[in-house]
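The structure under discussion appears below in the form of C-alpha cells.
The values are calculated or read from the model by the stated rules, or taken from the named source; none is laboratory data. Here the structure is a predicted model, which means the values were calculated and not measured. Here Cβ is always computed from backbone atoms with ideal geometry, including for glycine, and neighbour counts include all displayed protein chains.
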Amino acid sequence: MTRLVELEANGPRKLEPSDIDDEKGDVAVCQCGLSAELPFCDGSHRATSDEEEGTTYVYDDDGERSVVDRIVTHRDRVDDGHE
C-alpha cells in the first residue's frame, strides 16, 4: 500500500528537549503522513491498518479514505502530449 500525502513544510523541524512527553518519556515521529500534529504521531496511523498491499490511497481532511486509480505527474502529461 502507498499513501498520497501533501505536506506544506519546506524544511526540517529540530526536536527540542521540550518535545519529550513527560509521561511517556519518548517522542514518536509520524511516518504515515496523516497526523494533525506533524511531525509528531497522534495515532492517526490506526486508520491505515486495513490498507491493502499494492493499492494507493488518499485521505481527505476529514480522514475519509479513497482509492487512487491513477496518478498523473507533470512528466506523464508531457510524455502523453497533454502539456
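Only residues that are modelled with pLDDT of 80 or more and exposed (fewer than 12 other Cβ atoms within 10 Å of the Cβ) were counted in segment 23-42, giving 4.
Just to be sure, is residue 63 modelled with pLDDT under 90, surrounded by 10 or more Cβ atoms within 10 Å (Cβ to Cβ), closer than 20 Å to residue 1 by Cα and touching a Ser or Thr at 6+ places or on another chain (Cβ under 9 Å)? Don't jump to the end; show me each part of the working.
Details: modelled with pLDDT under 90: yes; surrounded by 10 or more Cβ atoms within 10 Å (Cβ to Cβ): yes; closer than 20 Å to residue 1 by Cα: yes; touching a Ser or Thr at 6+ places or on another chain (Cβ under 9 Å): yes.
Taking the combined requirement at face value, the residue satisfies it.
Picking from residues in segment 50-60 that are part of a loop (DSSP other than H, G, I, E, B) and either modelled with pLDDT under 85 or within 14 Å of the chain's Cα centre (by Cα) (or both), the one that is surrounded by the most Cβ atoms within 10 Å (Cβ to Cβ) is 51.
Just name the residue that is nearest to residue 67 (Cα to Cα) out of those in segment 1-26 that are of a type in the set (A, V, I, L, M) and more than 18 Å from the chain's Cα centre (by Cα).
Taking the candidates together, the pick is 15.
Condition first: among the small types (Gly, Ala, Ser) and modelled with pLDDT under 90. Now tell me which residues in segment 66-82 satisfy that. Step through it out loud before you land on a result.
Step one: list which residues in segment 66-82 are among the small types (Gly, Ala, Ser), which gives 66, 81.
Residue satisfying the conditions is 81 alone.
Pairing each residue of segment 16-34 that is of a type in the set (Val, Ile, Thr) with any residue that is not in a loop (DSSP other than H, G, I, E, B), provided the two are 6+ apart or on different chains, yields C-beta distances under 6 Å for 27/19.
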